[in-house]
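Since every read-out is calculated from the coordinates, none of them should be taken as a lab result. The structure displayed is predicted, hence computed values, not measured ones. As a convention, Cβ positions derive from the backbone with ideal geometry for all residues, glycine included, and neighbour counts pool all protein chains shown.
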Amino acid sequence: MGFNKETHPYLSLPDTPSIEWSMFYLDGTLIQEAEFCPREITNWVNVFLSPQDITCDDESLMRTVATCIRTGVAIITVRPMHHSHPLCISIKVPGDYHPNKASILAAAELQADWYRQEIRSGKVRIDRNLLFRGSPA
C-alpha cells in the first residue's frame, strides 16, 4: 500500500491513489513505479540510511547506497520498502535473468551509480520528504 495525502498529509505526493511513486524525480517529475504484478519478476534492493544522513547531498547519499549494495548491506525483496520504511532507498532490478543474489546486487549497484551520475548532471533528485519523513531536521 502506498502513501496518500490523507494518511500522510505532510508528504507532497501526486493525487493518484492507485499508483505507487518512486523516490526519485527525473527532470522535476516524480517517477511512477509500475504497479505490482505477480507474473513479472522484479527484485528491489533496499538500503537503509541513518537520520544523520539528512545533512548529505543527494550525490553523497547515492554513493553511500552504492557502497552498501557493493558490500552486501542491503535487503532484496519483491516490493520496494521505501513506502513503508523511512530512511530507505529502494532500487528496482527487473527481470528473471539474475541467477543469484550477487547478480541482483551487481545490477542494483549499477543502477545506483546511474542515479548518482544523473544527480550530478542535475537531471535527477531524491524525494527527501519521503526518505527523511519523521527525522528531525
With the crude spin-label approximation of a point 7 Å out along Cα→Cβ, what separation in nm comes out for Arg128 versus Gln32? 2.7 nm
Considering the zone a paramagnetic label at His85 would reach in this model (a point 7 Å from Cα along the Cα-to-Cβ line), which residues of the range 46-72 have amide N under 19 Å from it? 46-54, 61-72
Least to most buried among Glu40, Glu59, by other C-beta atoms within 10 Å and fewest first, runs Glu40, Glu59
Explain nothing, just compute: Karplus ³J(HN,Hα) = 6.51 cos²θ - 1.76 cosθ + 1.60, θ = phi - 60°, for every residue of the range 23-31 in order, whole Hz, x for Gly and Pro. 9, 10, 9, 10, 6, x, 10, 5, 6
